[in-house]
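Quick note: the coordinates plus some simple rules give every number you see, no bench work behind them. Just so it is clear, the model here is predicted, and its values are computed rather than measured. All Cβ positions, even for glycine, are placed from backbone atoms using ideal geometry, and neighbour counts span all protein chains on display.
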Amino acid sequence: MALDPDCLFCKIIEGDITADIVFRNDNVVAFNDINPQAPTHVLVIPTVHTENAAGLAKISGTITAALFTAAAEIAEQRGLNGYRTVFNTGVEAGQSVFHAHMHLLGGRGLAWPPG
């Protein structure tokens with residue numbers, strides 16, 4: 001899938017908008033969230049544009065796996081003993097940027113249920 005020229009995250013992938021990038025490879029870009037909800041709050045995004053996690057699951061298992069692999073590497077680099085990964089899919093779930101992305105949260109105790 002091509003990148004969407006109107007998508008905020010696609011612009012970050014292309015380098016048109018700056019972000020505090022902490023990880024990058026051919027399939028994934030990860031950067032610190034600008035409104036962190038935990039001491040570690042990183043957004044892990046695919047380098048292809050698809051609206052949400054449901055769309056990502058349809059187009060590529062390889063890229064989906066790459067997101068989880070990147071999250072694990074980032075968590076290890078940061079010395080996290082535990083972490084949470086979250087995909088918000090759709091407005092009702094709290095998705096505000098419509099480019100599939102994983103939230104990696106850690107660095108403190110995380111309660112359940114969230115929200």
Arg84, Arg108 arranged by Cβ crowding within 10 Å, fewest neighbours leading:
Arg108, Arg84
Could you tell me which residue out of Met102, Val44, Ala75 lies farthest along the dipole of the range 41-115 toward its positive end? Charges go on the beta carbon: Lys and Arg +1, Asp and Glu -1, centred on the Cα centre.
Ala75
In whole Hz and in residue order, list the ³J(HN,Hα) couplings for the range 67-77 that follow from phi through the Karplus curve 6.51 cos²θ - 1.76 cosθ + 1.60, θ = phi - 60°; x for Gly and Pro.
5, 5, 5, 4, 4, 5, 5, 5, 4, 5, 4
Charge dipole (debye, nearest 20) of the range 8-106; +1 at Cβ of Lys and Arg, -1 at Cβ of Asp and Glu:
140 debye
Simple SL model, points at 7 angstrom along Cα→Cβ for Asn32 and Ser96; separation in nm is 1.8 nm
